[in-house]
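The values are calculated or read from the model by the stated rules, or taken from the named source; none is laboratory data. Bear in mind the structure is a predicted one, so any value in this text is a computation, not a measurement. Here the Cβ is made from the backbone with ideal geometry for all residues, glycine too, and neighbour counts use every protein chain on show. Accessible surface areas use protein heavy atoms only, side chains included; no ligands, DNA or RNA. Shrake-Rupley method; radii C 1.70, N 1.55, O 1.52, S 1.80 Å.
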Amino acid sequence: MLTEINFDGIIGPTHNYAGLSRGNIASASHAGDISQPRAAALQGIEKMRHNLALGLLQGFLVPLDRPDVAWLETLGTSLDGAEPHLRAQAWSASSMWAANAATVSPAPDSGDGKCHLTVANLVTMPHRSHEWQGTLAQLRIAFADPAFAVHGPIPAPFGDEGAANHMRLCRGHGAPGLEIFVYGVGGGRFPARQHLDASKAIARRHRLDPARTLFLRQSDVAIQGGAFHNDVVAVANEHVLFTHQSAFHDREAAHAEIRAAFPEVEIVEVPTAAVSLADAVKSYLFNAQLVSLPESGGMGLVLPTEAKETPAVWSWLETMVAGNGPIRQLFPVDVRQSMANGGGPACLRLRVVADPVSVDPRFLADEAKLDRVAAVVATHWPEAIAPGDLASAALVADVRKARAALLEALELTALL
Ligand code: SUG
């Protein structure tokens with residue numbers, strides 16, 4: 001049976017705060033802080049456990065081999081010789097944000113009845129531009145079954161940031177859906193990371209029906225306000241679109257296009273007067289996992305704890321769940337280590353609608369497997385990384401050993 005499975009990026013042992021993402025306010029404001037990779041990974045594991053307990057299906061992707069020496073070699077340098085900004089870009093654990101791993105079109109949406117995945121090229125940010133090779137290697141293993149078609153990246157210079165700029169509306173996850181690609185137009189102080197030509201290329205490759213595909217422009221106000229991905233200001237699940245008033249360029253036209261293509265849509269909009277864009281970005285209210293709860297039949301929001309700590313946001317949410325709308329429950333989770341780099345609960349996961357039996361079981365989670373992962377993390381992940389540590393040969397050896405131990409525990413040593 002087709003079901004939604006959330007694949008979370010396991011937070012890698014090189015997690016650090018290098019201030020690498022221009023336009024991502026959290027990344028810039030935490031630049032130079034001391035990170036806590038072990039605590040970060042354990043927070044991510046707790047989120048997976050939380051969602052398993054809700055009765056949701058959970059998978060994961062493993063951290064990439066970092067620091068990426070091969071990438072530095074292509075730049076004619078090495079870990080020892082690299083300029084500090086290149087060294088930091090080689091060290092980034094940014095593949096934890098699995099929403100940027102790929103764009104996924106479930107089988108009912110595609111012309112050939114396969115679930116299509118296109119690995120994101122992430123070319124706008126140097127530290128992310130060398131993720132796709134390691135991510136693609138995993139996607140090819142996890143989704144090797146003929147039920148899937150896994151594609152390489154869209155060529156540069158068309159920036160593609162994966163599922164973070166893609167939403168799907170449908171009657172149920174296994175039913176045909178309306179796929180919405182949200183792109184940005186450059187020119188402002190902060191870069192637009194998703195290019196329209198990339199979105200259109202993905203739709204063609206995934207053999208989507210043009211009548212069930214929309215390309216909507218993200219508002220410049222949102223991008224310049226720190227919403228570097230659309231999933232910072234909007235999230236969809238089944239027939240519900242949960243969005244901030246300032247998410248789309250020409251809001252009325254965007255809503256009209258959505259309603260015309262998918263009349264059953266229920267748009268739950270948060271007005272700027274109730275929650276400012278600044279509060280939405282700071283609290284990551286929309287970077288929530290909007291999930292269909294198997295038990296109650298309603299929907300729930302898995303939100304960062306920062307949403308609870310932002311008074312305007314929490315009071316709006318409490319009023320919403322007390323009403324008669326489709327979103328019935330709020331589940332704050334602590335992913336502060338990731339949040340400090342601009343990654344909330346929704347950034348940490350890639351949604352794939354598929355029959356779980358068609359997925360390589362090594363990438364699927366249960367409590368026992370998460371116990372094993374947590375034990376490896378507790379033993380091998382560094383407790384803290386300060387910016388100056390990135391020059392340490394001893395730390396390089398430690399993080400390599402840590403990743404190898406994880407891959408061994410998961411029987412994924414083919415990825416070593
Ligand atoms: O690409 N942060 C990530 C956060 C990605 C969030 N993902 C989604 N919204 N789906 C980014 O900006 C910061 C790394 C640093 O500064 O060290 C970083 O890459």
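Of the Cα atoms belonging to the chain, the radius of gyration and Dmax stand at 19.9, 60 Å. Between residue 112 and residue 217, the contour length at 0.36 nm per residue exceeds the alpha carbon distance by 35.0 nm. Site pair residue 392 and residue 411 shows an inter-label distance of 3.5 nm when each label is modelled 7 Å from Cα along Cα→Cβ. Remark: spin-label model distance residue 1-residue 175 equals 1.6 nm, labels positioned 7 Å along the Cα→Cβ axis.
Spin-label pair residue 204-residue 46: with each label point 7 Å from Cα along the Cα-Cβ axis, the two points sit 4.7 nm from one another. Taking the DSSP beta bridges with both ends in the chain, the antiparallel portion is around 50 percent.
The mean sequence separation of alpha-carbon pairs under 8 Å and at least six residues apart, normalised by the residue count of the stretch 170-261, gives a relative contact order of 30 percent. Summarised in one figure, the compactness ratio Rg/Rh of the stretch 1-158, Cα atoms and Kirkwood Rh, is 0.99.
A simple charge model with +1 on the Cβ of Lys and Arg, -1 on the Cβ of Asp and Glu and nothing else charged puts the dipole of the chain at about 340 debye relative to its Cα centre. In the full protein context, the chain carries 36 Å² of accessible surface per residue, based on a 1.4 Å probe and ignoring ligands, DNA and RNA.
Working from the Cα coordinates of the stretch 258-387, the gyration tensor eigenvalues give, after taking √(5λ), semi-axes of 30, 23, 14 Å in decreasing order. Helical content of the chain, expressed as a calculated mean residue ellipticity at 222 nm, amounts to -9000 deg cm²/dmol (DSSP H runs of 4 or more residues, -39,500 (n - 2.57) each, divided by residue number, nearest 500). Annotation: lysines with alpha-carbon distance below 23 angstrom to residue 114 (same-chain offsets under eight excluded): 200. The angle between the Cα long axis of helix 393-409 and the main principal axis of the chain comes to about 60°, on a 0 to 90 degree scale.
Please report, as a whole percent, how much of the solvent-accessible surface of the chain comes from carbon and sulfur atoms (probe radius 1.4 Å). With neighbouring chains kept in place, the figure for the chain is 55 percent. Within the same chain, lysines fewer than 8 places from residue 282 are excluded, and of the rest, those with a Cα less than 22 Å from its Cα are 47, 308. Computed from Cα atoms, the angle from the helix 251-261 axis to the main principal axis of the chain rounds to 80 degrees. Could you tell me how many degrees, from 0 to 90 and to the nearest 10, lie between the Cα long axis of helix 196-205 and the main elongation axis, the longest principal axis, of the Cα atoms of the chain? Between the helix axis and the principal axis of the chain, the angle is about 90 degrees. So, R0 is 41 Å and r is the distance between the beta-carbons of residue 321 and residue 189; what FRET efficiency does that work out to, to 0.05? Using R0 = 41 Å, I get an efficiency of 0.70. Multiplying the residue separation of residue 80 and residue 264 by 0.36 nm and removing their Cα-Cα distance gives an extension gain of 60.5 nm. Only aspartates and glutamates eight or more places from residue 401 in sequence, or on another chain, were considered; those with a Cα closer than 18 Å are 65, 68, 383, 389, 411. Rounded to the nearest 0.05, the FRET efficiency derived from the C-beta distance between residue 358 and residue 404 at R0 = 35 Å is 0.80.
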